[in-house]
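*Asks:* For reference, the structure I am asking about is given below.
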């Protein structure tokens with residue numbers, strides 16, 4: 001049974017792992033100057049975290065199913081805290097990159113346990129509220145990550161500069177570890193199963209082979225090895241799919257026969273393809289196109305966060321009324337907001353006029369994220385909760401990397417014509433992704449019959 005501090009404890013873990021994906025962006029210039037790092041090393045400060053995080057999530061979820069979700073959550077939090085210390089004290093670029101890889105691996109161990117704990121500790125309406133709180137926390141961490149980074153760098157706490165962006169995790173991690181054993185209930189798969197190490201190796205290798213060229217390909221001009229890596233990833237995924245006779249697969253093939261789960265994964269992929277890409281090019285436009293500093297650029301994420309917060313609180317009521325179309329409404333709202341933003345940018349209006357449109361875009365994000373998660377998780381059996389949560393979070397990370405890779409091609413391919421033109425071309429891509437999200441929603445299961453039994457399944461059907 002959950003305790004009073006269960007949800008705050010696990011959501012804090014979500015917050016700092018998502019925050020660290022975004023907060024580092026504003027710290028990059030100062031980090032490069034301080035460590036005298038080359039562009040490739042600095043690129044890996046971001047890429048190393050994303051690669052370790054995205055490729056290890058499914059394995060992390062399965063480890064929680066087998067060895068206990070609270071135990072793996074605490075282990076992940078402990079490693080994340082230690083890695084944050086190593087990042088903050090790194091004497092050089094190589095040490096920082098190595099610490100970021102460990103930090104990403106720790107996040108991959110920690111993150112899927114949160115959704116699995118929520119899925120097993122809460123039932124009925126309480127579970128739906130907890131999943132909505134998870135989505136809200138994740139979105140706010142992403143939206144405000146650059147703002148928090150800008151504030152920390154501007155404040156220059158104790159003369160730490162960019163290092164504060166990593167060291168801020170240390171007291172947070174210690175506080176969570178101090179209470180975790182008391183407030184987080186332990187859970188694991190009800191039947192003892194063995195860890196599919198062969199399957200884990202195949203899936204992890206396939207994800208590395210997918211994410212590596214997405215992260216590095218554009219900067220290197222898409223050489224032959226990137227396409228060979230994509231081909232190798234496809235072969236590895238096929239090889240994993242043929243391991244059907246294994247008695248304890250990393251992800252039970254039965255999960256993929258559930259339309260809500262499979263379609264929900266693709267919907268989550270589409271959502272994060274638009275969200276991560278947008279945050280990247282908007283930050284570039286604000287600083288390179290409008291001449292704002294890191295703190296000023298971060299402040300322009302506040303309207304997005306305000307819209308996201310309001311819509312996230314409204315989303316459960318809309319789900320009760322219009323079900324899965326709440327997600328479609330979010331996608332269409334984003335498409336409208338981004339389309340209007342493109343027009344305003346083309347007219348070079350004063351930057352303050354962008355605020356209402358940024359709020360509208362945040363509303364679209366808030367309407368979509370929580371219902372997507374409810375759809376995927378509410379119909380998964382408890383023994384598969386960790387694997388399903390890991391698959392969902394993996395889809396989000398892969399979607400973010402894929403979106404950044406694609407929008408990078410569009411943005412930097414147009415940069416010769418100016419930052420404004422590049423940003424507008426990136427917005428066209430984002431509008432298309434938002435419309436694709438609204439279309440994918442139509443493939444989700446229709447609303448189930450409303451009964452007093454199984455309220456969570458009912459809500460999941462709505463989403």
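The values are calculated or read from the model by the stated rules, or taken from the named source; none is laboratory data. This one's a predicted model, so the numbers in the text were calculated from it and none came from an experiment. Note that we place each Cβ from the backbone using ideal geometry, even for glycine, and neighbour counts take in every protein chain shown.
Each row is one residue, and each column tells you yes or no for (1) in the same structural domain as residue 90 (by TED's automatic domain parsing); (2) within 28 Å of residue 406 (Cβ to Cβ).
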| site | (1), (2) |
| --- | --- |
| 129 | yes, no |
| 132 | yes, no |
| 161 | yes, no |
| 170 | yes, no |
| 173 | yes, no |
| 187 | no, no |
| 229 | no, yes |
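*Asks:* May I pose another question? Does residue 222 fit the bill of being outside any helix (DSSP H, G or I) and either on the phi < 0 side of the Ramachandran plot or touching a helix residue (DSSP H, G or I) at 6+ places or on another chain (Cβ under 9 Å) (or both)? Spell out the reasoning first.
*Replies:* On the way: outside any helix (DSSP H, G or I): yes; either on the phi < 0 side of the Ramachandran plot or touching a helix residue (DSSP H, G or I) at 6+ places or on another chain (Cβ under 9 Å) (or both): yes.
Yes.
*Asks:* Which condition does residue 46 not pass, out of (1) within 19 Å of the chain's Cα centre (by Cα); (2) surrounded by 24 or more Cβ atoms within 10 Å (Cβ to Cβ), if it passes all the others?
*Replies:* Answer for residue 46: the failing condition is (2).
*Asks:* Next question. Just need a number here: residues in the stretch 291-331 that are more than 17 Å from residue 138 (Cβ to Cβ) and surrounded by 17 or more Cβ atoms within 10 Å (Cβ to Cβ).
*Replies:* Matching residues across the stretch 291-331 total 16.
Yes or no, residue by residue, for (1) modelled with pLDDT of 95 or more; (2) in the same structural domain as residue 110 (by TED's automatic domain parsing); (3) surrounded by 24 or more Cβ atoms within 10 Å (Cβ to Cβ):
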position: 59; (1), (2), (3): no, yes, yes
position: 68; (1), (2), (3): no, yes, no
position: 75; (1), (2), (3): yes, yes, no
position: 80; (1), (2), (3): yes, yes, yes
position: 92; (1), (2), (3): no, yes, no
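*Asks:* Condition check: surrounded by 24 or more Cβ atoms within 10 Å (Cβ to Cβ), out of contact with any strand residue (DSSP E or B) (no Cβ under 9 Å at 6 or more places or on another chain) and at pLDDT 75 or above. Does residue 392 satisfy that?
*Replies:* Yes; evaluated as a whole, the condition is true for this residue.
*Asks:* Any chance the stretch 423-435 includes a residue that's in the same structural domain as residue 345 (by TED's automatic domain parsing) and modelled with pLDDT under 75?
*Replies:* No, every residue in the stretch 423-435 fails to be in the same structural domain as residue 345 (by TED's automatic domain parsing) and modelled with pLDDT under 75.
*Asks:* Quick check, is residue 418 at positive phi, surrounded by fewer than 24 Cβ atoms within 10 Å (Cβ to Cβ) and at pLDDT 85 or above?
*Replies:* yes
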